[in-house]
Amino acid sequence: MEFINVTLDLLMGFGKTVLIFCIVLILSLPLGLLVTFGSMSKIKILKEIVRKIVWIIRGTPLLLQVIIVYYGPGLWLNLSIRNFRFGAVIIAFVINYACYFSEIYRGGIESIAKGQYEAGYVLGLSKSETFFKIIFPQVFKRILPAISNEIITLVKDTSLARVIAMEELIQAAEEIMATNGILWPLLYTGVFYLFFSAILTKIFEKLENSLNYYK
């Protein structure tokens, strides 16, 4: 099989990989903040429930979560799952990464001195205004390296979508291998992942440098 044809086929799979990545990132980052608020809530029952959910999600493989979300409705509710692959991947990934992001957010928020909150109140800001105008910008600066690491991990984790035959980069390579009996397309996928990760790494480096106010 010609190199150009393999590249074009892999690009189609790579496009789905990028789509999964973008949707999961857009949804999981804000959801993670909501989960953080729940895990830090003063309502004890809510706090315990949210923390138990986060513990379960972080303590079990993402691969298993994708399988449960995809096959669960069919096994438990007798619903058709034929066209649910993409939705199952998005749901499982968003929940998983939201829980990981929530713990990063929580660590960042708890690292901020209480005097910062008091300063906001003295200035006449409400609780929400204090958080989003004073606290969160400082939290974002502190957690950016950890967040960037998780986001780059997400690039590689998208390959887990193939467990339910979801068309993505690795799945596309495996189909080429099975059809043509050649191994190199699977190795070639590493170039796509490295390229995507390199772009993200550069973006985060520039962002981190822009937040180094005192250098």
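The values are calculated or read from the model by the stated rules, or taken from the named source; none is laboratory data. Given the structure is predicted, the values throughout are model-derived calculations rather than measurements. Methodologically, a virtual Cβ is constructed for each residue, glycine included, from the backbone with ideal geometry; neighbour enumeration extends over all protein chains shown.
So if I check each of LEU123, LEU207, LEU211, LEU183, which one is surrounded by fewer than 16 Cβ atoms within 10 Å (Cβ to Cβ) and within 21 Å of ASN5 (Cβ to Cβ)?
None of the others qualify; the one that does is LEU183.
When you scan the range 162-215, how many residues do you find that are among the small types (Gly, Ala, Ser) and over 30 Å from PRO137 (Cβ atoms)?
Quick first cut of the range 162-215, residues among the small types (Gly, Ala, Ser) only: 165, 172-173, 178, 181, 190, 197-198, 210.
From the residues that got through so far, the ones that are over 30 Å from PRO137 (Cβ atoms) too are 165, 172-173, 178, 181, 190.
The number of residues fulfilling the criteria is 6.
So, restricting to helices (runs of 4 or more DSSP H) that lie completely within the range 90-161, which ones have at least 1 residues that are in contact (Cβ under 8 Å) with a residue 24 or more places away in the chain and not polar (S, T, N, Q)?
In the range 90-161, 136-157 are the helices (runs of 4 or more DSSP H) which contain 1 or more residues that are in contact (Cβ under 8 Å) with a residue 24 or more places away in the chain and not polar (S, T, N, Q).
Among the residues of the range 127-157, how many are surrounded by fewer than 17 Cβ atoms within 10 Å (Cβ to Cβ), under 19 Å from GLU110 (Cα atoms) and of a type in the set (Ser, Thr, Tyr)?
The total comes to 1.
Going through VAL69, VAL24 one at a time, which residue ends up being in contact (Cβ under 8 Å) with a residue 60 or more places away in the chain, within 26 Å of LEU169 (Cβ to Cβ) and surrounded by 11 or more Cβ atoms within 10 Å (Cβ to Cβ)?
Selected residue: VAL24, the only one of VAL69, VAL24 that is in contact (Cβ under 8 Å) with a residue 60 or more places away in the chain, within 26 Å of LEU169 (Cβ to Cβ) and surrounded by 11 or more Cβ atoms within 10 Å (Cβ to Cβ).
Pick from the range 72-89 the residues that are within 24 Å of LEU25 (Cβ to Cβ) and assigned to a loop (DSSP other than H, G, I, E, B): which of them is modelled with the lowest pLDDT?
My answer is ASN83.
Do any residues in the range 192-208 that are under 20 Å from MET12 (Cα atoms) have Cβ atoms under 7 Å from those of residues that are of a type in the set (Ser, Thr, Tyr), where the two are at least six apart or on different chains, and which pairs are they?
That search, which allows pairs on different chains as well, returns nothing.
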